[in-house]
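This report concerns only the one structure given below.
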Amino acid sequence: MKRILVACGNGIATSTVVATKVKEYLANHGVEADTTQTKLMEVPSKVQDYDLLVTTGQFEGQTGNVPVVRGLSILTGIGAEQTFEQILEYLK
């Protein structure tokens with residue numbers, strides 16, 4: 001099972017929407033994933049336990065070797081398919 005950390009400003013609203021959509025997309029493509037929502041400011045202390053970080057806001061912090069995908073397009077719908085494909089590639 002893959003672990004994805006989804007971060008937004010407050011760790012509540014937008015990260016929950018993105019986490020739900022990512023999990024659904026991955027399930028439809030045969031990838032089991034567990035998502036956790038968090039605040040952007042908490043990412044550096046949590047990210048090492050995950051396979052991927054998806055953010056809805058600007059994040060310039062360190063993630064070690066954990067890849068980062070900007071997920072704002074998942075909220076807007078503009079370019080969402082490319083973002084989902086990028087997430088899928090990182091988790092294969």
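Some observations on this one:
- Qualifying residue in the stretch 51-60 (condition: modelled with pLDDT under 95, part of a loop (DSSP other than H, G, I, E, B), over 19 Å from ILE12 (Cβ atoms) and not hydrophobic (A, V, I, L, M, F, W, C)): yes
- Total residues in the stretch 35-65, condition touching a residue at least 40 places away in the same chain (Cβ under 8 Å) and touching a helix residue (DSSP H, G or I) at 6+ places or on another chain (Cβ under 7 Å): 8
- Where VAL17 falls short, out of the listed (1) within 13 Å of ARG3 (Cα to Cα); (2) surrounded by 14 or more Cβ atoms within 10 Å (Cβ to Cβ): (1)
- Hits in the stretch 66-79 (condition: without any contact (Cβ under 8 Å) to a residue 40 or more places away in the chain, assigned to a helix (DSSP H, G or I) and either of a type in the set (A, V, I, L, M, F, W, C) or surrounded by fewer than 18 Cβ atoms within 10 Å (Cβ to Cβ) (or both)): LEU72, THR76
- Filtering the stretch 1-45 to residues that are farther than 21 Å from LYS92 by Cα, over 11 Å from the mean Cα position of the chain (by Cα) and not polar (S, T, N, Q) leaves GLY9, GLY11, ILE12, ALA13, LYS39, LEU40, MET41, GLU42, VAL43, PRO44.
- Top-ranked residue of the stretch 35-50 - restricted to ones that are of a type in the set (S, T, N, Q) and in a helix (DSSP H, G or I), ranked as surrounded by the most Cβ atoms within 10 Å (Cβ to Cβ): GLN48
- The set of residues in the stretch 6-34 being part of a strand (DSSP E or B), closer than 21 Å to GLY79 by Cα and without any contact (Cβ under 8 Å) to a residue 60 or more places away in the chain consists of ALA7, CYS8.
- Being modelled with pLDDT of 95 or more, of a type in the set (Ser, Thr, Tyr) and either outside any helix (DSSP H, G or I) or touching a Lys or Arg at 6+ places or on another chain (Cβ under 9 Å) (or both) is a description that does not apply to THR63.
The values are calculated or read from the model by the stated rules, or taken from the named source; none is laboratory data. Keep in mind the model is a prediction, meaning the values are calculated, not measured. Cβ coordinates were reconstructed from backbone atoms using ideal geometry, including for glycine residues, and neighbour counts include every protein chain displayed.
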